[in-house]
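What follows is a single structure, written as structure tokens, with notes after it.
The values are calculated or read from the model by the stated rules, or taken from the named source; none is laboratory data. Here the structure is a predicted model, which means the values were calculated and not measured. Please note: Cβ atoms are built from the backbone with ideal geometry, for glycine as well, and neighbour counts cover all protein chains shown.
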Amino acid sequence: MGFMYNVHAIFGERILPLLIVAAAIWFTVTWKPNTARTLPARIFPILVDIQATLGIILWLYRIIGLGAIYYLTFPFILHPLLGILAAVVAHISLRPRGAIRNLGRWAPLAALAVLLLLVLSGIMVARPI
């Protein structure tokens, strides 16, 4: 579980925020109306899903395997909830016929800005004071 924790921490704290900023710029610049999703637009939500899945596995392991029930209390419960919400936003953000398609070219930028806020909020909740 130590290796899985390190992958989750490094990818979530360092790589994913940079990837979100790069994706927001890329998808805003390359936006074309009424086109199918490109390969990067299909792969990006999967990366967020992998990160959220690793986090849920680690969270469940700590609760069930280690008996750390305090992970169900207020500040700790926010981290997995923010991870699940981030995965949902990642899928909605790059869908051509998604809920935010009326924003046009700015739809990916707006959705990925929300995703970045969710990821950064999850990082702040997970970090001890």
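Below, the figures for the structure above:
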item: Region 118-129, residues that are assigned to a helix (DSSP H, G or I) and over 10 Å from Leu82 (Cα atoms); result: Met124, Ala126
item: Of all residues in region 62-76 being at pLDDT 85 or above and surrounded by 14 or more Cβ atoms within 10 Å (Cβ to Cβ), the one that is nearest to Arg127 (Cα to Cα); result: Arg62
item: Selection status of Pro40, within 19 Å of the chain's Cα centre (by Cα), of a type outside the set (Val, Ile, Thr) and more than 19 Å from Leu120 (Cβ to Cβ); result: yes
item: Conditions (1) under 30 Å from Leu103 (Cα atoms); (2) touching a helix residue (DSSP H, G or I) at 6+ places or on another chain (Cβ under 7 Å); (3) in a helix (DSSP H, G or I); (4) not β-branched (Val, Ile, Thr): number failed by Gly55; result: (1)
item: Any chance Phe44 is in a helix (DSSP H, G or I) and more than 20 Å from Val114 (Cα to Cα); result: no
item: Per-region count, region 95-113, residues closer than 17 Å to Trp26 by Cβ and either under 13 Å from the mean Cα position of the chain (by Cα) or in a helix (DSSP H, G or I) (or both); result: 11
item: Sole exception among (1) without any contact (Cβ under 8 Å) to a residue 60 or more places away in the chain; (2) within 13 Å of the chain's Cα centre (by Cα) for Gly2, by number; result: (2)
item: Some residue of region 26-33 being in contact (Cβ under 8 Å) with a residue 60 or more places away in the chain, within 18 Å of Ala111 (Cα to Cα), loosely packed, with under 13 Cβ neighbours inside 10 Å and over 17 Å from the mean Cα position of the chain (by Cα); result: yes
item: Any hit, region 68-75, residues being assigned to a helix (DSSP H, G or I), under 30 Å from Ile25 (Cα atoms) and hydrophobic (A, V, I, L, M, F, W, C); result: no
